[in-house]
Each structure stands twice: as structure tokens, then as C-alpha cells.
Amino acid sequence: MPEDWVRIFDTTLRDGEQSAGVNLNTAEKIQIAHQLAKLRVDVIEAGFPAASPGDMEAVSTIAREVRGPIIAGLARTRSGDIEAAASAVSLAAKPRIHTFIATSPIHMEHKLKMTPEQVLEEVRRGVAQARSLVPDVEFSAEDASRSDVDFLVKVFSLAIECGATTLNIPDTVGYAAPEEFGRFVKAILDGVKAPREVIWSVHCHNDLGLAVANSLEAVRAGVRQVECTVNGLGERAGNASMEEVAMALRTRPDRYGVSSRLETPRLYATSKLVSRLTGVLVPPNKAIVGENAFAHEAGIHQHGMLCNRATYEIMKPEDVGSPGTALVLGKHSGRHAFLKRLDSLGFELDDAQKEKAFLLFKELCDRKKTVSDGDIEALVVDEVLVVVPERRFELKEYSVQVAGRGRASASITLRDGTKEVTDAAAGNGPVDASYSTIRRLVGICPELSSYRIQATSERSDAMGEAVITLRLNGLKAQGRGASTDVIESSIKAYVNAVNRLYALAAAKGETLNGENAG
């Protein structure tokens with residue numbers, strides 16, 4: 001591969017989805033995968049097929065529908081995992097199996113309960129099996145940064161002998177420091193002396209806030225693939241942030257001398273899409289894609305910007321797709337302008353979904369003068385992308401009355417299949433009353449573990465988007481709802497979460513009716 005090209009391996013749909021509170025369904029993963037393909041990432045790690053039927057379905061669907069990037073499935077070196085990954089990526093134009101085993105003393109002794117010799121034998125068997133099923137095999141030495149260099153040289157050399165085409169050096173627990181990690185990586189590369197066609201990779205976690213710095217130091221040491229996620233999502237404190245790695249390479253060619261193939265003007269839209277679908281907010285001061293990344297408030301900064309943008313901006317907002325001036329959409333806007341805006345926001349919709357989105361947009365225009373990007377995003381995510389099989393209950397009507405001292409009552413009608421059911425309940429405020437009513441209607445009582453509502457723009461007529469999490473019998477589901485009425489958005493979010501609980505239970509062959517989490 002060219003020496004000046006760094007592959008971007010995106011693991012948002014695998015490691016990113018392992019973030020606490022994130023639970024994406026297949027339809028949502030497909031949206032993200034299509035946007036990653038538009039962004040031109042080199043590899044999409046679509047999931048861990050052996051982990052669950054849902055992961056198997058998602059990886060298989062992405063392999064079948066998304067073209068451009070390599071589609072990878074993660075697998076332990078266990079035979080069953082590797083077979084599941086091979087099956088899941090079999091329809092991809094460019095399939096990859098990514099197999100791994102831990103190599104640090106602490107992991108080998110306490111987690112694997114294996115000797116170094118047993119780990120070497122597992123590497124031999126697992127990589128050889130994977131290579132017999134697909135031509136592109138990546139091998140990772142989990143917790144490499146706390147492993148012995150000499151042992152890693154043996155492990156990676158053996159992986160090459162057995163057919164691995166990419167070798168990954170993970171900083172699994174975010175333990176490394178940049179200069180130290182650079183030397184560590186260089187020692188491994190020098191010790192293994194891999195053929196030129198073998199690609200070296202790193203996968204850095206952010207426990208000490210050093211994931212991006214460690215990844216970049218590894219690039220300077222000779223690594224040519226960086227594993228990262230959109231918005232830095234991932235286990236614990238997350239992974240290296242894709243947008244930060246990409247823009248560091250682009251902005252500082254004097255230091256790194258290499259670049260990625262990403263279409264960086266799509267970074268902002270990708271970040272917004274992932275944030276919407278995962279429910280994880282992007283901090284305003286987040287580098288590259290935060291709302292304040294290109295904002296200037298201090299008078300000295302503003303004066304400098306008026307004289308020359310380069311005084312305080314080392315990147316242009318348009319380089320990452322951050323919004324500047326934009327066309328305002330309203331009731332007089334046509335289909336073409338609306339569909340163009342959908343595309344710029346990163347959505348990949350079929351004709352039926354586009355038609356539904358446009359009709360919902362026109363309905364919203366009758367309720368408010370100007371429709372913001374946030375309004376459109378909320379409509380598409382909360383109304384258009386809802387998977388039909390999950391929509392067991394559908395909100396038909398609601399009425400809320402608030403008395404003195406916060407007491408309220410709610411009457412709600414839901415459609416349950418072909419019938420409509422209505423009930424009412426009182427509560428401590430309109431949202432509590434509404435949720436009590438829904439629990440009576442659906443016959444289950446999940447625990448509300450999180451509730452958040454925010455405006456989709458800074459305008460006074462902005463839609464309110466509610467995001468909640470429900471737990472019941474070991475199952476956890478996130479629900480979203482958007483409306484110009486914050487009570488309606490809260491009700492929609494709860495109904496959406498209930499539907500997802502039923503879908504999760506059905507996937508496990510369980511039932512929720514009559515079960516009560518208290």
C-alpha cells in the first residue's frame with residue numbers, strides 16, 4: 001500500500017455501540033454504515049456476529065447492502081466465533097474477519113487462564129481457520145500495550161505465517177503514553193520485520209485522554225491503519241476520535257507526512273447522525289465537530305477573524321462540513337431542496353422513506369414558520385426510521401390536564417395491532433401522569449432509568465426531542481420522540497422504548513406481559 005496513506009478503520013458500530021446506554025437496531029446501524037461509506041472510511045467493523053442474533057443480522061445486512069469499504073466482523077480466536085464472522089461477512093464485496101486474543105500477562109493469567117504457549121497455539125489455529133474462510137484477516141493482540149515486546153514479536157510473526165494480512169497493536173485499557181507508545185510500536189515493527197504488504201494497525205482507548213495522541217504517535221512510528229470511532233464513542237472513556245485523527249493528519253502534514261482518504265466535509269454530518277441515533281450528545285467544546293469548535297466570542301479573537309480567518313482558525317469550517325450560511329427551509333420549500341438537505345444531513349433513505357419524511361416536513365411547516373436542521377433530524381430519526389416490526393403500540397390520541405401543586409391527569413389512546421385501547425391515570429406532573437397511563441395500557445411496569453429533553457434548535461418554536469431509557473427484567477431499551485409539544489414528545493419516547501423492550505424480549509424468546517420490574 002502507499003506509504004503516505006493511512007487507512008481509517010471505523011468501529012463505531014462495534015466498539016462504539018458498546019458505550020454504556022447505546023443500543024442501536026439494524027435499521028439505525030444501516031444508516032450509519034451508509035454514511036461511513038459516503039465518508040469513504042476504508043474499513044467498517046460492523047459488529048461482533050457471535051455476540052447475539054441481532055449483531056449477526058446487522059453485520060450480514062451491512063455486508064449485503066453497503067459497498068465501498070471493507071466490511072469486517074469481529075471474532076475471538078474460537079472456532080465458533082470465526083465461523084459466525086465468516087458467515088456474516090460472506091456477502092460483502094470486500095469481507096474481513098478480525099480475530100483477537102489477549103497477550104498481556106494479567107489477561108493470560110486471570111482472564112484466559114492460559115500459558116503463553118497455549119496462546120500461541122490458539123493464534124495459530126484461529127488465524128489459519130480465518131484465512132481458510134476469507135482472504136483478508138486481521139489479527140489483534142488484546143492489551144498489547146501491557147504485553148512483553150518479545151512475546152508480541154513471536155505472536156505477530158506467527159499470525160503472519162498463518163495468513164494474517166493486518167496486524168493490530170491495541171492499547172485496550174488506555175494505559176500508554178504517546179512517546180512511550182511510539183517507541184513500543186517501533187520496537188514491534190522492527191522485531192517482526194513483516195512483508196511490505198502486511199498492514200500495521202493501532203486501536204487506542206481514551207482512559208487517560210490520550211487515544212488520539214497515541215494513535216498519531218503510532219502513525220509516526222510506521223503504522224498505516226488507525227482504528228477509531230465517530231465522536232470517540234466506545235467502551236469506558238471511548239476510543240480515538242475519527243474526526244480528530246483525520247483532521248490532525250490533514251492539518252499537520254509537516255509532522256505526519258501522511259493523509260487519509262476521508263471526505264472530511266462529511267465529518268460534521270456524520271457526527272450529528274451518530275449522536276442522534278445513539279442518543280449520546282456531542283459536547284459543545286468537542287474538537288472538530290462540537291458546536292463551539294469554530295465559534296469566536298472574545299473581542300480580540302473576533303477582531304483577528306475579521307482581519308484574517310487564519311489568525312484563530314487552523315481549519316476552515318467547510319473542511320469538516322460545519323454549517324456556515326444555509327438555505328432556510330419552510331412551507332414554501334420544495335421537494336428538491338428538502339431532499340438535498342436530507343442528503344447533506346447524512347441520511348440514506350429509500351423512496352418510501354423520503355416521501356414520508358417530506359410529508360412530515362410539510363405537516364411541521366404548518367405548525368412553525370421555519371424548520372431547522374435539528375427539526376428535520378428529529379423527524380427522520382423518531383418517525384421515519386422507526387422499524388415497523390418494533391411498533392407494536394402506536395400513539396393515537398392524548399389529553400393532559402394539570403391541576404394545582406403539580407398534580408396532573410392524562411388520558412391516552414394507543415393502537416395495539418388492530419384495536420385501540422384507552423386509559424387514564426394521575427401523576428406528579430403531566431409527564432409522570434402520562435407514563436403511569438401508558439404502563440396501565442401496556443401491562444408492564446419498566447423502570448425509567450434516564451429521561452432527557454432538549455430543543456432541536458435555539459428558536460422559541462423549536463421542537464422538543466425526548467430521549468429516555470427503560471429497564472425491565474435485564475433488558476434495556478432507549479426511546480426517542482419529537483414534537484413541538486414537549487409532553488407529546490415525552491409520550492412518544494416512552495411508547496418507542498416500550499416497543500423496543502417487546503422487540504428485545506421477542507428476540508430472546510421471552511415475554512413481558514404480566515412481568516413487573518417495580
Test: residue in the range 198-219 that is under 27 Å from T278 (Cβ atoms), acidic (D, E) and surrounded by fewer than 24 Cβ atoms within 10 Å (Cβ to Cβ): yes
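Could you please let me know if I444 is under 25 Å from V282 (Cα atoms) and of a type outside the set (G, A, S)? Quick ask: steps written out before the conclusion?
Details: under 25 Å from V282 (Cα atoms): no; of a type outside the set (G, A, S): yes.
Taking the combined requirement at face value, the residue does not satisfy it.
Run down S140, S145 and say which single residue is under 24 Å from the mean Cα position of the chain (by Cα), closer than 30 Å to L267 by Cβ, in the same structural domain as E109 (by TED's automatic domain parsing) and buried (at least 17 other Cβ atoms within 10 Å of the Cβ). First the steps, then the outcome.
Details: S145 fails: under 24 Å from the mean Cα position of the chain (by Cα).
It is S140.
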Selection status of R367, more than 28 Å from the chain's Cα centre (by Cα) and not in a helix (DSSP H, G or I): yes
Hits in the range 232-255 (condition: in contact (Cβ under 8 Å) with a residue 60 or more places away in the chain, in contact with a helix residue (DSSP H, G or I) (Cβ under 7 Å, 6 or more places away or on another chain) and part of a helix (DSSP H, G or I)): M242, E243, V245, A246, M247, L249, R250
Single residue of the range 431-466 satisfying the filter (assigned to a helix (DSSP H, G or I) and under 27 Å from F361 (Cβ atoms)) that is farthest from the chain's Cα centre (by Cα): S434
So K193, is it more than 30 Å from the chain's Cα centre (by Cα), among the basic types (K, R) and more than 22 Å from I82 (Cβ to Cβ): yes
Subset tally (residues that are over 24 Å from S399 (Cα atoms) and not in a strand (DSSP E or B)) for the range 467-485: 2
Which listed residue, of A75, A92, A51, is more than 23 Å from S147 (Cβ to Cβ) and in contact with a helix residue (DSSP H, G or I) (Cβ under 6 Å, 6 or more places away or on another chain): A92
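The values are calculated or read from the model by the stated rules, or taken from the named source; none is laboratory data. Here the structure is a predicted model, which means the values were calculated and not measured. Please note: Cβ atoms are built from the backbone with ideal geometry, for glycine as well, and neighbour counts cover all protein chains shown.
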